[in-house]
Amino acid sequence: MKKKKKKKKNDEIEMNENRNKVNVLFDSLSQKGKKALICYVVGGYPDQETSKEIIKTLINSGADIIEIGIPFSDPMADGPTIQQASLKALEKGITPLKCFNIVKDLKKQFKDTPFLFMTYSNIVFSNNLRNFLIAAKKNRIDGFIIPDLNVEDSKEYLELARTLGLATIFLSAPNTTKKRLSEIASASTGFVYMVSVFGITGSRQNFEKYTFDAVQKTKEIINRYKIPLAVGFGISNPTDGKNILKAGADGIIVGSSVMKLIMDNENDKDKMLLELGNFIKELKAICK
Amino acid sequence: MKQSNIGKFGIFGGRYVPETLIPALDDLDYNYQKLKKNKQFQKELANLLKNYAGRPTPLYFAKNLTNFIKGPKVFLKREDLLHSGAHKINNTIGQGLLAYKMGKKRIIAETGAGQHGVATAMASAIFGLKTEIYMGAKDVERQQSNVFRMKLLNAKVHPVTSGSMTLKDSVNEALRDWITNVKTTHYLIGTVMGPHPFPMMVRDFQSVIGREIKSQVVHETGSLPDSVIACVGGGSNAIGTFFSFLNDDKVDLYGIEAGGKGMISGHHAATLTKGKIGILHGMKSYFLQDKDGQIKEAHSISAGLDYPGVGPEHAYLKDIKRVNYSVVTDEEAMKAFLLLSKLEGIIPALESSHALAYLIKNAKMFSRNSTIVVTISGRGDKDLQIIREHIEEKEKEKEK
């Protein structure tokens, strides 16, 4: 175990020469005493061009980090909203390559905004893991969130991602043990993604006490690893976000509520972008 | 970082699931390992298998079939005679008893044709557990009598309308339910798939098939069989059949996948033969998928083989070449179904007909004085409608 810790230190030294954008962002926010607003969208929904416009609106309205979901045929951690959007995007021909291109284009305008991919293991692993991660790096993707990958099955992925300087963001849950939280924190770079509830993605009525307790416990443990904590799944309004941040999170992640606004206004793009902008501004206002 | 070998079959297997499920899998693994060695648990399980499910099942020497193929001596392992009509009950009783001992109150399961759903509902009834079954909306439509059976057995059936509305989507939906209700619920997976410990645990519960075959065939013939054949969908009856023979190098093992409308058509469920390594439903294994890693729909006339993945232990056994995996088409399976019904008075499930078809098709490959065991994993009553439609279609074609 001691030996392995030493190795990690060496990696950090290498990383420092070209620091991951996610780390840079969290550092600068924390210096200003602010919290991060992370927004998720399904890549290529409703179509590639609109998808780009949506992301531009999110960033211009205050999103600090963009998470792009590469649609997968069998999204087991997702609720109906993201399932439907993924399926529709796939029907319209979205591919991982096209998602790479979305980021490549947007990075021309938003070079300091971190872009993360959130997708399932099969998309990343089924062809050639190494080539996939290299292609991601070349297209200026900053890191990955893989909800069905856990630390003990990720040795090769971690080694490759470290070498390439891609952030590896692992998820934790309210029932994750302290021992595993330590493992998750030491395998993660960028931030740790705590799933707020027992459940899948999608908005909820109210968070129960256990969520806030879990935020507190998780923050306490991962703090030792000097890695920020972002919380997602089911945050659908500023009040929820505020309470999560108050419990100790360094950032909030919104996904399904963003997608719902997009899907509800699919036939009126102007209205969609306007409403999205307003929603993000409201959320941004509480991230302090 | 620790690299765990637990639950791995070579590079296959693992626990590719959301973190929320990890404590539940740890808990299940711990309790299973503990109860496996517990004499009281084994006694209760053996009692239920004997007096409720109807074990041991006979090993029948199929004389007419042997004469017909002019080849080796054929023995049939009669899992079709079990309560519920298929091998599925070996596993549901085992997991049901385990869940009951663990204090779980609620059982969920996925089902394709409904066989596993029915067997789960039966086991739950014994232990007084609340049961909810996820079944693709298309399958609900196709298998109405099994849906009704599950209702009679006091299970609630949820038609799944997401994705392709078939078995793989009902697995997704069951996993989503489990993530949400993990504290109270046991997910009773129906085959040797999913995250560790399921592939190992389901294999253990099904391995009673092979253990019985071994002692029965030795009793009948004085020696081990030369070849053993079973059909492979997710792979539970096949692993159950093979497991006791894995170290007997002289016993050739054959796993038969569903070739659907043929390899060229692309409409098949030949995961091991045509699939690519990937990750789905908690495991690394072979899957039918496109070049980007999107999972494809499987096709087979037998709903029990209609799954685009396969248990990780089969993936491993394929790679180390211990088991020969082959393919049989819908048409060939159908012929074997009709043949066994006529020759032996046994109506086999369409799934099991794939294993039979392989033997009939390749009878010349086996030496005349050798002994072959074919596992009849289930009975064909559930398939009568499909068979009738198929025969009627054939007759219409002839008239033209």
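The values are calculated or read from the model by the stated rules, or taken from the named source; none is laboratory data. Note that this is a predicted model, so its numbers are computed, not measured. In this analysis, Cβ positions are derived from the backbone assuming ideal geometry, glycine residues included, and neighbour counts consider all displayed protein chains.
A few remarks follow.
- Within the stretch B:125-147, the set of residues being in a helix (DSSP H, G or I) and in contact (Cβ under 8 Å) with a residue 40 or more places away in the chain comprises B:Ile126, B:Asp139, B:Arg142, B:Ser145, B:Asn146.
- Filter result for B:Tyr52 (crowded, with 17+ Cβ neighbours inside 10 Å and aromatic (Phe, Trp, Tyr)): no
- A:Ser257 meets all of the listed conditions (1) touching a helix residue (DSSP H, G or I) at 6+ places or on another chain (Cβ under 9 Å); (2) of a type outside the set (Val, Ile, Thr); (3) over 27 Å from B:Glu19 (Cβ atoms) but one, namely (3).
- Flag for A:Phe198 being more than 14 Å from chain B (Cβ to nearest Cβ), surrounded by fewer than 24 Cβ atoms within 10 Å (Cβ to Cβ), in contact (Cβ under 8 Å) with a residue 12 or more places away in the chain and aromatic (Phe, Trp, Tyr): no
- Scope the stretch B:59-80; condition surrounded by fewer than 17 Cβ atoms within 10 Å (Cβ to Cβ), not in a loop (DSSP other than H, G, I, E, B) and not aromatic (Phe, Trp, Tyr); matching residues: B:Lys63, B:Asn64, B:Asn67
- Restricting the stretch B:4-58 to residues that are part of a helix (DSSP H, G or I) and of a type in the set (S, T, N, Q), the residue that is farthest from the other protein chains (Cβ to nearest Cβ): B:Asn51
- The residues in the stretch A:166-186 that are without any contact (Cβ under 8 Å) to a residue 60 or more places away in the chain, of a type in the set (S, T, N, Q) and within 10 Å of another protein chain (Cβ to nearest Cβ) can be counted, and the count is 4.
- Filter result for B:Leu97 (at pLDDT 95 or above, under 24 Å from B:Arg176 (Cα atoms), buried (at least 16 other Cβ atoms within 10 Å of the Cβ) and among the aliphatic types (A, V, I, L, M)): yes
- Filtered residue count, the stretch A:98-131, keeping only those that are within 14 Å of another protein chain (Cβ to nearest Cβ), in a helix (DSSP H, G or I) and exposed (fewer than 14 other Cβ atoms within 10 Å of the Cβ): 1
- Count - residues of the stretch B:30-70 that are under 21 Å from the mean Cα position of the chain (by Cα) and either among the β-branched types (Val, Ile, Thr) or over 23 Å from B:Ile376 (Cα atoms) (or both): 2
- Among the residues making up the stretch A:62-97, a single one is assigned to a loop (DSSP other than H, G, I, E, B), closer than 16 Å to A:Ser121 by Cα, of a type in the set (A, V, I, L, M) and touching a Gly at 6+ places or on another chain (Cβ under 7 Å): A:Ile70.
- Qualifying positions in the stretch B:236-280 - in a loop (DSSP other than H, G, I, E, B), within 23 Å of B:Glu297 (Cβ to Cβ) and touching a Phe, Trp or Tyr at 6+ places or on another chain (Cβ under 9 Å): B:Ala269, B:Ala270, B:Gly275
- In the stretch A:79-96, of all residues being within 8 Å of chain B (Cβ to nearest Cβ) and touching a residue at least 12 places away in the same chain (Cβ under 8 Å), the one that is farthest from B:Gly136 (Cα to Cα) corresponds to A:Pro96.
- Sole residue being over 30 Å from B:Ile391 (Cβ atoms) and more than 11 Å from every other protein chain (Cβ to nearest Cβ), chosen from B:Asp249, B:Asp306: B:Asp249
- Checked against the criteria, B:Lys77 does not count as farther than 29 Å from A:Ser186 by Cα, more than 14 Å from every other protein chain (Cβ to nearest Cβ), of a type outside the set (Ser, Thr, Tyr) and free of Cβ contacts under 8 Å to residues at least 24 places away in the same chain.
- Qualifying residues in the stretch B:148-180 (those that are part of a loop (DSSP other than H, G, I, E, B) and more than 14 Å from chain A (Cβ to nearest Cβ)) - the one surrounded by the most Cβ atoms within 10 Å (Cβ to Cβ): B:Leu153
- Restricting A:Lys260, A:Lys242 to residues that are farther than 21 Å from A:Met118 by Cβ, part of a helix (DSSP H, G or I) and basic (Lys, Arg) narrows the list to A:Lys242.
- Restricting A:Gly234, A:Gly202, A:Gly190 to those that are assigned to a loop (DSSP other than H, G, I, E, B) and within 19 Å of A:Phe117 (Cβ to Cβ) reduces the list to A:Gly190.
- Restricted to the stretch A:144-165, and to residues there that are over 27 Å from A:Gly79 (Cβ atoms) and more than 10 Å from every other protein chain (Cβ to nearest Cβ), the residue that is surrounded by the most Cβ atoms within 10 Å (Cβ to Cβ) is A:Ala161.
- Checking A:Ala136 against (1) closer than 19 Å to B:Gly278 by Cβ; (2) surrounded by fewer than 22 Cβ atoms within 10 Å (Cβ to Cβ); (3) more than 8 Å from chain B (Cβ to nearest Cβ); (4) hydrophobic (A, V, I, L, M, F, W, C), the condition it does not meet: (2)
Conditions (1) without any contact (Cβ under 8 Å) to a residue 24 or more places away in the chain; (2) under 27 Å from B:His196 (Cβ atoms), marked per residue:
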{"position": "B:Asp226", "(1), (2)": "no, no"}
{"position": "B:Ser236", "(1), (2)": "no, yes"}
{"position": "B:Leu246", "(1), (2)": "no, yes"}
{"position": "B:Tyr254", "(1), (2)": "no, yes"}
{"position": "B:Ser265", "(1), (2)": "yes, no"}
{"position": "B:Gly275", "(1), (2)": "no, yes"}
{"position": "B:Met283", "(1), (2)": "no, yes"}
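- Selected residue [basic (Lys, Arg) and more than 14 Å from every other protein chain (Cβ to nearest Cβ)] from B:Lys291, B:Lys276, B:Lys261: B:Lys261
- Among (1) hydroxyl-bearing (Ser, Thr, Tyr); (2) away from chain A (no Cβ under 11 Å); (3) surrounded by fewer than 24 Cβ atoms within 10 Å (Cβ to Cβ) - the single one B:Thr191 does not satisfy: (3)
- Residue match in the stretch A:58-72 (condition: buried (at least 16 other Cβ atoms within 10 Å of the Cβ), in contact (Cβ under 8 Å) with a residue 24 or more places away in the chain and touching a His at 6+ places or on another chain (Cβ under 8 Å)): no
- Residues being more than 16 Å from the chain's Cα centre (by Cα) and farther than 18 Å from A:Leu149 by Cβ - total across the stretch A:183-210: 11
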